[in-house]
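The values are calculated or read from the model by the stated rules, or taken from the named source; none is laboratory data. All figures in this text were calculated on a predicted structure; none of them were measured in a lab. When we count neighbours, we look across all protein chains shown, and the Cβ atoms used for this are built from the backbone with ideal geometry, even at glycine. SASA here: full protein model, heavy atoms, side chains in, ligands and nucleic acids out. Shrake-Rupley method; radii C 1.70, N 1.55, O 1.52, S 1.80 Å.
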Amino acid sequence: MPYFGSEEMVKELKRALSNPNVQADRLRYKNYITKVIRYMTQGLDVSALFMDMVKASATVDIVQKKLVYLYMCTYASDKPDLALLAINTLRKDCADPNPMVRGLALRNMCNFRMPGMTEYIEQPIVAGLRDKASYVRRVAVLGCAKMHSLQPNTEIDGTIVNELYALLRDPDPVVVVNCLCALEEILKDEGGVVINKPIAHHLLNRMKDLDSWAQSEVLTFLLRYHPRGDDELFDILSLLDAFLQSAHAHVAVATLRLFLHLASAHPAVQADALLRTSAPLLATCGAASRELRFAGLCHVQQVMRSQPGLFGMHYKRFFCGYSEPSYIKFRKMEILVELVNDENVALVLEELRSYCTDVSPELAQAAIAAIGRIARTYSEKCLDILTGLLALKQDHITSAVIQTFRDLVWFCPQSTAAVCQTVEACVDSPQDSEGKQALLWLLGEHGDQISSAPYVMEGYIDGLKTELSSAVKMELLTASVKMFLCRPAETQDMLGRLLHYCIAEEESDVCVRDRALLYYRLLQRGVEETRKVVTGPKSDPSMSVLTGRQEEPIRQWASTFNTLSPLAGRDLCPQTAVVSAADQPSSSAEKELLPESTDVTLSSPDDTEEEISLSLGPPLSHETFEKMWLDLEVLHRQTLGFPRPRTAPDTLQAALQLVKIQTLAFTPGDTVPWKAYIYTRSTGTLILAELLQAPGSDESLVVSVKQQPVNQHAIRVFVSILKSVLQTPNADSS
Amino acid sequence: MIHSLFLINNAGDLFLEKHWKSVVSRSVCDYFFEAREKAVEPDNVPPVIRTPHHYLINIYREKIFFVSVIQTEVPPLFVIEFLHRVAETFQDYFGECSETTIKDNMVIVYELLEEMLDNGFPLATESNILKELIRPPTILRSMVNTITGSSNVGDTLPTGQLSTIPWRRAGVKYTNNEAYFDVVEEIDAILDKSGTTVFAEIQGVIDACVKLSGMPDLTLSFMNPRLLDDVSFHPCVRYKRWESERVISFIPPDGNFQLMSYHISAQNLVAIPIYVKQNISFFETGPSGRLDITVGPKQTMGKTVECLVVTVHMPKVVLSASLNATQGTYNYDPVTKILVWDIGKLNPQKLPNLKGSLSLQSGAPKPEENPSLNIDLKIQQLAISGLKVNRLDMYGEKYKPFKGVKYVTKAGKFQVRT
């Protein structure tokens, strides 16, 4: 019971440690010290024993020394005045004839994290850098980095930096790598350690002496080096060639990253490197450790973005084992979906079919969604399987299948008839709100092909009082209105009841009431007017290009290869992972045409290349905007190639707001030249833009973009979003 | 690189922490606990967890979570492999890597962690070198230590560190010079209901135990090296010679090490040593089901299958099992829902069979999913891929070593679907 009566315990230990009889008996003394350490590691505060422990450090027994050092490092920052006493002992140990003791003392002295240490440790560190034992040099090199972190704001000591650069030529490989790491930390503000030609080639020649950890680190540092010409480049690549197939996955992957980076101008070399690394990557996917397997799968996924064919014949390696953790199964399913081709489709589907009945509902749903993805290419076979799954009458399966149907109809309109037939025949309805929404969407959108649709919907309207989810209610409203437009006779009565309930009776959710009011007023304007607003395209107009997945260029992902972001970047939730292209087909036509702008906030600075989103942030005042507009330079100017949208200013403003672009000012109506000022934020940058329609012949819009700080990638994203927004109302009116 | 390490047991108790840079508060583990709760099963905790200021990379081994705290961008495979190395080192030192042994050897654990990393960078991870810095505890040594008061720490620094061959220390001397090689192959396979192979591959390793004096230079050749296309070697192996002559030429490290690992995935080369006939069914009416499993030999190359164990993960609704085994013993754990049938040696004349009824929770619906069977087995004196060592030659030293090769085949992830 270490947490109770701890004061007693400390007192007792103190008494024992200061007892001369105990001190005389080495074994008993050491036992007490071990006890102190044990309490310390259990989280008990034994800092009161500091003085006694300092005394115990004056011993020849290395284990006892180590224990006392451990104790001192833990409590030094709490008791700085007492710790100074210990420093003398430590400095004496730094001159011990035994290199082990020297190294140990130096390392621990550097680990004292308290202000004012620098003056005591500087001299032993400098002496340690020239020690003849490599063990001490290793410690001293890292000590330089620790010393710097003790007082991060002081000027960098030039002599130490030079000494460290000189030690890069040390015969001991660990000293070399430690030097790199220490320099990197010390010179962090100046952009880290400089890798010039002699250093790069020296490191490359030492590669085979290093252990695997050091190899991996050196390979990461070499990413900074830019070879002067192709000859040098190929020299480097041939030196590194053997490491592509290293026994250690992390070395192989780090080498591959360096290859991709260095050979960015030589696609054939990149392709060859990918091919050669595919074997170690696949081996990692089958490693004994599940974490390694997971990391391997994530890397395979990245490689597949450019080279989908590379793993095609190994698709069986991605079949899930029964006892594998779910995060691996999710990844494997995503990979399987990508690997499907005419030859293996039957086997892969059979395999995915068996996952649909998994005990974990999330996995089952992910498997069903995966089949849905394959259905976009091989609809017939998949629809058979999905229909078969409905017969199982399991709530979560039914719900997932209905959701998959909805997405399928949206992306792949040719399967509509078959889906409608199945939905018609399906007797039980989903119980969870996502499933209900999906079913209602299908009923509303394709009510003309599902003869029983009004009766199913009537059931929902009658059960409205017990429905808790407002999202379902909203979907029900939209679906009923759509249904009314195509089958008015059967729907009129229940739509009336529904609207009455939502507007007049006890509907507490404001959103639902407002939506109902909106439809009510719309219907008052007449059926034709309503039809124009409510009905949109029945399938995704933009996605048809995307169904066959395109090969991305390698540079799209090479910068994040072998980093943390692909492993941690996404949520493990299966829904977002599998159906990422367009989450929910929404009901209003306007929204459907707008590109998805996700609200992902990025916490890691390294994945900016990956996903950039716009966000609103705090509003800018007119004065600030004006000032910034005058201060900044135009970074990007582009003729958009179409005239300004002929919509009312507030419609345009609302549309821009939807994609997180804020409007500052418009010129009114048809004045010429027409101008608009807009701004938005994205991953730490502020983007300002001007839209100008000059009274010219082609009447095309010109956009000028200013930005602070500069991020070209964000500008590209911004312009593409802006273009699609502005074109939307144009497309509508034409 | 690696800022701190926390060890957390299955129950969520944090029982060891080590910081290599400034102290990171334990509260950072709250993000881990959150993920742990969300994952339900400890197996399902995602290996990389993102928190506002850190990344947590964790591995789960022997019912312990090794949670590392990372502050800067790192290669994830590097950290994961390193954590496994830490766990392996504990295992190497204490015989097993469990919470009890770690707590019992707290002092050595701290010594090891201190030597393995400094300022967050790997320092000494080779077991050869570590063992010279910190001697592993043995019963004999701890007795001697208690009597004489001497310690587990080597007083001298490892000598071999500056030699041109970093993995071998200089001046090794043995009275009996011997070199043993174990060819261990594991079959990973998934068989479907009818017994056809859905997927099969062999993961093989050659473990070596080399106790030779001086600086021996060894060459190992195979009868059929063409079998091996996907191989990776210990750094001591000369890769160029393997590429040109298909022989393994190397100066071995002293003691135990893994010489190479290989991988055979061509399915026609993977023999499946046993077949399983099974029938597990649940009745529509009444809370019961039937189970009938028979195991027989298939392609065993004339060797006996030993240590045969069949493990079945039953659906949650199965309450108990009343079965009859013609050979071996069975045990059904109603808490974890795992049925283990320990058969032992497989007798081809009299095939072992397990038969009987299962009782289900009354009122619960009939389970949708059929459980799958995991098989464990061992075949001595056989590498199932047919790999055979031809000869081992030694150059550079005068004495005659004693040489030995052993083969063993095991089941890895071997699964039969029902």
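Spin-label model, B:Val335 to A:Ala346: label points 7 Å out along the Cα-to-beta-carbon direction sit 4.7 nm apart.
Estimate the FRET efficiency between B:Ser322 and B:Leu351 by the formula 1/(1 + (r/R0)^6), using the beta-carbon distance for r and 25 Å for R0, to the nearest 0.05. Step by step, r from the Cβ atoms, then E = 0.70. Spacing of the modelled spin labels on A:Tyr322 and B:Ser22, each 7 Å from Cα toward Cβ, amounts to 5.1 nm. The B:Glu397 and A:Asn205 beta-carbon pair, evaluated with R₀ = 35 Å, returns a calculated FRET efficiency of approximately 0.75.
Mean-square fluctuations from a GNM of chain B, with a 10 angstrom spring cutoff on Cα atoms, peak among B:Ala325, B:Ala11, B:Ala124 at B:Ala11.
Measuring between their Cα centroids, the range B:184-224 and the range B:355-418 lie 11 Å from each other. Legend: translational diffusion of the range B:358-418 by Stokes-Einstein, Rh = Kirkwood radius over C-alpha pairs, 10 °C, 1.306 mPa s; D = 94 µm²/s. Per residue, the solvent-accessible area of chain A (1.4 Å probe, heavy atoms of protein chains only, all protein chains present) comes to 43 Å².
To the nearest 0.05, how large is the calculated FRET efficiency for B:Asp254 and B:Asp207 if R₀ is 22 Å and r is the Cβ-Cβ distance?
For R0 = 22 Å, the calculated efficiency reads 0.90.
Under the classification rounded if a/c is under 1.5, otherwise prolate if a/b is larger than b/c and oblate if not, where does the range A:631-695 fall, given a ≥ b ≥ c as square roots of the Cα gyration tensor eigenvalues? The shape class here is oblate. Computed as a quarter of the hull surface, the mean projected area of the alpha carbon convex hull for the protein assembly as shown stands at 54.3 nm². Computed over neighbours whose Cβ is under 9 Å from that of B:Val408, the net charge equals +1, Lys and Arg +1, Asp and Glu -1.
Count charges around B:Ile2 for me, please; just the other residues with Cβ under 11 Å from its Cβ, Lys/Arg as +1, Asp/Glu as -1.
+1
So how much slack lies between A:Ala489 and A:Lys381, counting 0.36 nm per residue of separation and subtracting their Cα-Cα distance, in nm?
Answer, rounded to one decimal: 35.2 nm.
Summed over both chains, the accessible area lost when A and B associate is about 7200 Å², using a 1.4 Å probe.
The mean sequence separation of alpha-carbon pairs under 8 Å and at least six residues apart, normalised by the residue count of chain A, gives a relative contact order of 6 percent. Checking the table A:Lys393/B:Lys316; A:Lys473/A:Lys538; A:Lys316/B:Lys345; A:Lys146/A:Lys188; A:Lys35/B:Lys103 against a 23 Å threshold on Cα-Cα, which pairs fail? Where the Cα-Cα span goes over 23 Å, the pairs concerned are A:Lys316/B:Lys345. Counting Cβ atoms of other protein chains within 10 Å of each residue's Cβ and taking the mean over peptide A:281-291 gives 6. For the pair B:Asp292 and B:Lys406, label points projected 7 Å from Cα toward Cβ lie 4.1 nm apart. Using a probe radius of 1.4 angstrom, the carbon and sulfur fraction of the accessible surface of the protein assembly as shown is 52%. Across chain B, the mean sequence separation of Cα contacts (distance under 8 Å, 6 or more residues apart), normalised by length, yields a relative contact order of 14 percent.
When shorter helices are ignored and each DSSP H run of at least 4 residues is given -39500 (n - 2.57), the per-residue value for the protein assembly as shown at 222 nm works out to -13500 deg cm²/dmol.
On full extension, the segment bounded by B:Val40 and B:Ser244 gains 68.3 nm, given 0.36 nm per residue less the C-alpha separation. For the range B:64-83, a decrease in accessible area of 10 Å² or greater in the assembled protein chains relative to the isolated chain, with a 1.4 Å probe, applies to B:Glu73, B:Val74, B:Pro75, B:Pro76, B:Leu77, B:Phe78, B:Ile80, B:Glu81, B:Phe82. One compactness figure for chain B is 1.16, namely its Cα radius of gyration divided by 2.2 N^0.38 Å.
A convex hull fitted to the Cα coordinates of the range B:2-120 yields 96 cubic angstrom per residue. Please label the shape of the range A:49-147 as rounded, prolate or oblate, based on the square roots a ≥ b ≥ c of the eigenvalues of the alpha-carbon gyration tensor (a/c under 1.5 means rounded; beyond that, a/b larger than b/c means prolate, else oblate). Verdict is oblate for the range A:49-147. Near A:Arg228, within a Cβ-to-Cβ distance under 14 Å, what is the net charge of the other residues, with Lys and Arg +1 and Asp and Glu -1? With Lys, Arg at +1 and Asp, Glu at -1, the net is -3.
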